[in-house]
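The values are calculated or read from the model by the stated rules, or taken from the named source; none is laboratory data. Being a predicted model, the structure only gives us computed values, none of them experimental. FYI the Cβ positions are ideal-geometry reconstructions off the backbone, even for glycines, and counts take in every protein chain you see. Heavy atoms of the whole protein, side chains included, go into the accessibility calculation; ligands, DNA and RNA do not. Shrake-Rupley method; radii C 1.70, N 1.55, O 1.52, S 1.80 Å.
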Amino acid sequence: MNDNKAPRKSCESFLNDAFEHLEVDPEMQQLLRSPYREVRFELPLKRDDGSSSLFYGYRVQHNQSRGPFKGGLRYHKEVNLEHFVALAEIMTWKTSLLDLPFGGAKGGIDCDPIQLSSNELETLTKRYVQRISMLIGPDRDIPAPDMGTGPREMAWIVDAFSLIEAFNLAVATGKPIELGGAKGRLEATGYGVALITSMAADELGIDISAAKAAIQGFGNVGSNAARFLHERGTKIIAVSDYSCGLYNEVGLDIDRLVDMANHKQKGGKLSECSGDFKKITNDELLQLDVDVLIPAALGGVINKDNVENVKAKMIVEAANMPITCDADTNLNDKGVVVIPDILANAGGVTVSYLEWVQNRQGYQWEKQKIMDELERRLKRSWEEVKSRARRDELNYRKAAYVIALERIIKAIHLRGF
Ligand code: NAD
């Protein structure tokens, strides 16, 4: 996503559509457009080899009308404040759509985690917490994993926060199971993507057990979405990561590729895989003639430059904001169905909520209870979006935004605007 303004432009455009539909007054629009708080701070790091590097940390807190700020922590060398503002805003709509008692936030560090040792990452993460400890906490702002972070980083956050304040597991979600993590959190987002994809396919008359899918990004979300769709019989004909794409017209051996992806911490990448497939580029993957295309890596990958070549019948936004607003209009005009990020990838934040609840109860739920609750909530949200889309003749993105906005506006009025 090279254009720094693109994510915010897309957010604005999607939001304006919903504002217009709901006839939201200008003062409320202004309040909902701007983030509550944006911070950027220096993170100097002494490297293992004795040299020094300077990184920047970010946290954007968008809205807390319905509960504490909530949002992931991204470690990626191309992040900046503009990206985080857009991503924090998306979190506000997502938590509201799923009717979770949270607001929206996002943050991270402009580092490439693959280039840093575990020791360096631990120091950087703990320093990040030191800088913003007064802004986060179970009732203030609760970070979770996003690109480049996972349970390990969340455990470091608990440790750093506990040294500054009191011990509290509910300060972060997506933690290791042994440290208060929810069973099922790791695969929750990918599971949700597969579930929502199946329900949307049903609605469109696509038989998911015979459908062809391509997935961009083979990290936590992409690999789990692939695994759960594969279990439903979907032929995953292409997957990719930052290194390359793999393609097989009759379907890839997903179990083997997932095994390999699990060794990512050790440097595993798809370009090093050998097997019965052809190597393709990420651009080629996005242009495949498939029933379902699932972008599950970066934002803005489907844009005005490549949208004309997209042939998928349905696109499920597993990543946050993978489609720019220009491309979205084009896809709508062509009749391509888009399942928006705030619904498609909401499985993660839903289980994060359950993790936060269990931490506050001092209790650990069984995995089945968590997966049942996840499924119930995702099905309910899908039904709400589907009904609203039908009733008001809206596409799914607009219907989802309208539902989310209505809840937030109601909360703001109840609290006193
Ligand atoms: P991850 O770090 O586990 O995986 C990211 C994947 O994207 C990796 O396979 C990586 O190689 C690939 N990638 C990176 N740069 C790429 C590029 N230029 N081209 C193609 N592939 C590239 O991250 P994740 O947790 O799977 O998150 C993926 C997306 O899903 C992000 O947009 C994130 O915001 C969104 N998301 C994640 C969660 C979650 O629970 N992890 C929840 C909601 C949304």
Output the antiparallel fraction of DSSP beta bridges having both residues in segment 35-170, as a percent to the nearest 5. 70 percent
Evaluate the distance, in nm, between pseudo-label points positioned 7 Å from the Cα of Q130 and of K304 along their respective Cα→Cβ axes. 4.6 nm
Using a Gaussian network model of the chain whose springs link C-alpha atoms within less than 10 Å, name the residue from V357, V79, V337 with the highest mean-square fluctuation. V357
So, over other residues within a Cβ distance under 13 Å of E366, counting Lys, Arg +1 and Asp, Glu -1, the net charge is +1
Could you calculate the FRET efficiency of E383 with K311 from 1/(1 + (r/R0)^6), where r is the beta carbon distance between them and R0 is 35 Å, rounded to 0.05? 0.75
Using a Gaussian network model on the chain with a 10 Å cutoff between Cα atoms, which of K379, K106, K235 fluctuates the most? K379
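Nearest 5 is fine: what % of DSSP beta bridges in the chain come out antiparallel, could you say?
Restricted to the chain, the bridges split so that about 50 percent are antiparallel.
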Quick check: net charge around L293, other residues with Cβ under 14 Å of its Cβ, Lys/Arg +1 and Asp/Glu -1? -2
Ignoring ligands, DNA and RNA, what percent of the 1.4 Å accessible area of the chain is carbon and sulfur? 47 percent
Going down the table (K106/K367; K5/K367; K106/K379; K311/K410), which pairs top 32 Å between alpha carbons? K5/K367; K311/K410
Evaluate the distance, in nm, between pseudo-label points positioned 7 Å from the Cα of V250 and of W365 along their respective Cα→Cβ axes. 4.3 nm
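Quick check for you: with a 1.4 Å probe and neighbouring chains kept, what is the accessible area per residue of the chain, in Å²?
40 Å²
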Could you please report the charge total around A319, scoring K, R as +1 and D, E as -1 over all other residues with beta-carbon less than 11 angstrom from its beta-carbon? -3
Above-threshold pairs, the threshold being 28 Å between Cα atoms, out of K235/K334; K77/K279; K9/K313: none
